[in-house]
Amino acid sequence: MSRDPLVIFTPSGKRGRFSIGTPILTAARQLGVDLDSVCGGRGICSKCQITPSFGEFPKHGVTVNQTALSNWNSVEERFDQKRGLTGGRRLGCQAKVQGDVVIDVPPESQVHKQVVRKRAEARDIMLNPTVYLKYVEVEQPDMHKPMGDLERFLMAVREATGHEGLELDTHLLRPLQKILRKGKWTITAAIHQGRDARTPSIVSLWPGYFDGPIFGLAVDLGSTTIAGHLCNLSTGEVIGSAGLMNPQIRFGEDLMSRVSYGMLNTGGDIEMTNAVRDGLNQLVQDIAQEAGVETSQILDMVFVMNPVMHHLFLGIDPYELGQAPFALATSDSLDLTATEIGLAVAPGTRAYILPCIAGHVGADAAGVALSEAPDKSDDLTLVVDVGTNAEILLGDRGGVLACSSPTGPAFEGAQISAGQRAAPGAIEHVEINSTTKEPRFRVIGSDLWSDEVGFDTAVASTGITGICGSGIIEVIAEMRIAGIVDASGLIGSAERTGTNRCFAEGRTYSYRLVNSSEGQSEISVTNADVRAIQMAKAALYAGARLLMDKRGVDQVDRVVLAGAFGAHISAKHAMVLGMIPDCPLDRVTSAGNAAGTGARIALLNRNSRDNIEKLVRKIEKVETAIEPRFQEHFVNASGLPNSSDPFSTLRGVVNLPEVRFHGGKGDKTEGRRRRRAAR
């Protein structure tokens, strides 16, 4: 029996089957995908632009052929001729379903723009940037002293700086003479001095006296989001921050899906490299425009990222990272020019990439280590950078251990029935009354709770569009506290929970968070949503416990939640779900975007680059994929909180009801799930 084609939208992860000939815009609207259109599908406004992806997608279980969409029609041809369509783009109102297809909705086509919450954290950083300015006066040419302008210029700069081996970037040789004469034989040079063993280079020139400003960009290149912070290299001030979704999401939400895409599709790794570099160039343009500076003024860049992103960014096939022994092409830090990695900035701009720690523990974890300095702590500190792939550090002055854990994209709102990325209208905080089981919530873009006067007016422009990562964590934790979900992760029936918000859905039950009668689309939490969070948090907890095993401890003194997601969840809700090991709640803190902070430290203080390179060599790496106890911890941690850690800290803070919902529709599903987890 033939089935209708499957249409999968990224980055939302929403999917559904539609009959052949269905316009992509229609499919998006029926699934609740955030795809803009104001012209009624006539191909006039261009707001519904989408990017189809072709090839094999094992994560989604589909192979997308070039014939998956209808051919270009006259409307698209006319629009492309008059206004231009970016290569690979289609108009969603014109492209029609012909087969299984993966559709990416770019940020500019979304009504509710993504909120990338990797803000720059306040931090005192000792300024010692790699790029600085030097003004010199150059001896004028003399027929009796046959020496070239370059040699006389270098002689003046070397004398002023004391750098005998200083060199000029070759791209500056052509304009040098004009600049010297325009400045009447005075000139300002931007000098890049990396590590002491490296030869300093002149990377930019200005006629006469120039006192800046010049800028540097610190970039956290995540698998889901890319965030950048533009800094004044003279003052250290963050003058602009911007973020966007990683365009690679259309090739797979998690890293191994992207590795698989490269393995199964010829040239797939190059395709993903081009996508992320295009995204970075867009980020550079956005952040420079926001700050009112020219991209030519950005002369230094620092990057942190996980190992798969590291390889794809550099144009290296990540194939070896998909199988044991997970060998990196290189783990050392890299000093490059930005143009070598396809970035559209000044020709002399330098790019520094922090070292990777291990095959699955990347430069982002090194950035976290630089920012949070567990090696300098008297307390045994657990640092968890929560994301699609969680990086975990455990250490004190006695040493540091590190591992990564494959949490998947559920914490980002993906794989959740009503899940979405953080955007205006997304539910981000939830409270449930333990007696009435009635919820109240807050959405991004409003400070009011849903039961407060003025809430409806405050969200009228955005609506209530779904649940983001912090929202799904809080609602499931609140459901556990209220007795709506039991310790095994099963949602109870209306009779057992005492609320009609619980309703049967297939073989299990769901909890209705937003009623359609409230003037919004219905938003519910399904048992599959609970399972997705259980699996994600179990992986996170198992990684942390594995490091504790290696250290020979059962408790830690302090827990630091890092990452954009970690910054927006409460310690109480994280503990209720068992995301992190037991720890006094007042000793669980947020570090915000610690990886990005580490990148900013490395940007503004060149000595910190030497420091992190030395520390990385000392960190003990633990590979979760080959550790037998990881699976044991994972199975134990699938409960809420889990079946092995007493979580004594929660006593007196919250009361977790002793309810069990076995014996109903969920019995067979639960039994199969436990058997799969045990295997």
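Details
- Selection over the range 40-60 of residues that are of a type outside the set (A, V, I, L, M, F, W, C), out of contact with any Phe, Trp or Tyr (no Cβ under 9 Å at 6 or more places or on another chain) and modelled with pLDDT of 90 or more gives a count of 3.
- When the residues of the range 616-634 are filtered to those that are buried (at least 18 other Cβ atoms within 10 Å of the Cβ) and closer than 23 Å to Ala532 by Cβ, the one that is nearest to the chain's Cα centre (by Cα) is Thr624.
Residue by residue, here is whether (1) on the phi < 0 side of the Ramachandran plot; (2) touching a helix residue (DSSP H, G or I) at 6+ places or on another chain (Cβ under 6 Å); (3) at pLDDT 95 or above holds:
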| site | (1), (2), (3) |
| --- | --- |
| Ile464 | yes, no, no |
| Ile473 | yes, yes, no |
| Asn500 | yes, yes, yes |
| Glu505 | yes, no, no |
| Ser510 | yes, no, yes |
| Ser517 | yes, no, no |
| Ala544 | yes, no, yes |
| Gly552 | no, no, yes |
| Asp557 | yes, no, yes |
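- Extreme residue, nearest to Ala532 (Cα to Cα), among residues of the range 369-415 that are more than 13 Å from the chain's Cα centre (by Cα) and among the acidic types (Asp, Glu): Glu372
- Residue within the range 496-510 that is surrounded by 20 or more Cβ atoms within 10 Å (Cβ to Cβ) and assigned to a helix (DSSP H, G or I) present: yes
- Residue in the range 477-485 that is at pLDDT 95 or above, in a loop (DSSP other than H, G, I, E, B), surrounded by 18 or more Cβ atoms within 10 Å (Cβ to Cβ) and of a type in the set (Gly, Ala, Ser) present: yes
- Within the range 250-272, the only residue that satisfies the criterion of being within 17 Å of Glu412 (Cα to Cα) and aromatic (Phe, Trp, Tyr) is Phe251.
- Candidate set: the range 371-380, residues that are free of Cβ contacts under 8 Å to residues at least 40 places away in the same chain and in a helix (DSSP H, G or I); chosen: the one surrounded by the fewest Cβ atoms within 10 Å (Cβ to Cβ): Lys376
- Which listed residue, of Val131, Val105, is modelled with pLDDT under 95, under 30 Å from the mean Cα position of the chain (by Cα) and open to solvent by less than 50 Å² (accessible area, probe 1.4 Å): Val105
- Filter pass, Ala351 being at pLDDT 95 or above, in contact with a helix residue (DSSP H, G or I) (Cβ under 6 Å, 6 or more places away or on another chain) and open to solvent by less than 10 Å² (accessible area, probe 1.4 Å): yes
- Total residues in the range 578-604, condition in a helix (DSSP H, G or I) and in contact with a helix residue (DSSP H, G or I) (Cβ under 9 Å, 6 or more places away or on another chain): 12
- Residues of the range 438-451 satisfying the condition of being open to solvent by less than 30 Å² (accessible area, probe 1.4 Å) and assigned to a loop (DSSP other than H, G, I, E, B): Ile444, Ser446
- Matching residues, the range 75-89, being surrounded by 15 or more Cβ atoms within 10 Å (Cβ to Cβ) and under 15 Å from Arg42 (Cβ atoms): Val75, Glu76, Phe79
- In this structure, Gly16 does not qualify as modelled with pLDDT under 90 and touching a Ser or Thr at 6+ places or on another chain (Cβ under 8 Å).
- Just one of (1) in a loop (DSSP other than H, G, I, E, B); (2) open to solvent by less than 30 Å² (accessible area, probe 1.4 Å) fails for Val530. It is (1).
- Answer residue from the range 6-33, given it is basic (Lys, Arg) and outside any loop (DSSP other than H, G, I, E, B) and is most open to solvent (accessible area, probe 1.4 Å) among those: Arg29
- Scanning the range 423-437 for residues that are surrounded by fewer than 23 Cβ atoms within 10 Å (Cβ to Cβ), β-branched (Val, Ile, Thr) and either in contact with a helix residue (DSSP H, G or I) (Cβ under 7 Å, 6 or more places away or on another chain) or touching a residue at least 40 places away in the same chain (Cβ under 8 Å) (or both) gives a single hit, Thr436.
- Number of positions in the range 397-418 that are surrounded by fewer than 24 Cβ atoms within 10 Å (Cβ to Cβ), out of contact with any Leu (no Cβ under 9 Å at 6 or more places or on another chain) and in a strand (DSSP E or B): 1
- Once the range 511-550 is narrowed to residues that are free of Cβ contacts under 8 Å to residues at least 24 places away in the same chain and among the polar types (S, T, N, Q), the residue that is farthest from Leu640 (Cα to Cα) is Ser517.
- Residues that are under 23 Å from Tyr511 (Cα atoms) and either open to solvent by 20 Å² or more (accessible area, probe 1.4 Å) or modelled with pLDDT under 85 (or both), drawn from the range 452-461: Glu452, Asp456
- Meets criteria (among the aliphatic types (A, V, I, L, M) and either in contact with a Lys or Arg (Cβ under 8 Å, 6 or more places away or on another chain) or open to solvent by 20 Å² or more (accessible area, probe 1.4 Å) (or both)) for Val368: no
- Within the range 357-370, if we keep just the residues that are of a type in the set (Val, Ile, Thr) and either without any contact (Cβ under 8 Å) to a residue 40 or more places away in the chain or not in a loop (DSSP other than H, G, I, E, B) (or both), the residue that is nearest to Asn274 (Cα to Cα) turns out to be Val361.
- Residues within the range 325-356 that are of a type in the set (A, V, I, L, M, F, W, C), under 24 Å from Arg195 (Cβ atoms) and part of a loop (DSSP other than H, G, I, E, B), tallied: 7
- Enumeration of residues in the range 306-327 that are closer than 14 Å to Met263 by Cα and open to solvent by 10 Å² or more (accessible area, probe 1.4 Å): Ile316, Asp317, Tyr319, Glu320, Gly322, Gln323
- Test for Met575: is it assigned to a helix (DSSP H, G or I), surrounded by fewer than 22 Cβ atoms within 10 Å (Cβ to Cβ) and touching a residue at least 12 places away in the same chain (Cβ under 8 Å): no
- Filter pass, Gly267 being open to solvent by less than 20 Å² (accessible area, probe 1.4 Å) and of a type outside the set (A, V, I, L, M): no
- Among the conditions (1) open to solvent by 30 Å² or more (accessible area, probe 1.4 Å); (2) basic (Lys, Arg); (3) under 30 Å from Cys403 (Cα atoms), the only one that Lys537 does not satisfy is (1).
- Hey, Gly236 of a type outside the set (Lys, Arg), open to solvent by 10 Å² or more (accessible area, probe 1.4 Å) and on the phi > 0 side of the Ramachandran plot or not: yes
The values are calculated or read from the model by the stated rules, or taken from the named source; none is laboratory data. The structure displayed is predicted, hence computed values, not measured ones. Here Cβ is always computed from backbone atoms with ideal geometry, including for glycine, and neighbour counts include all displayed protein chains. Areas reflect the complete protein model, heavy atoms only, side chains present, ligands, DNA and RNA absent. Shrake-Rupley method; radii C 1.70, N 1.55, O 1.52, S 1.80 Å.
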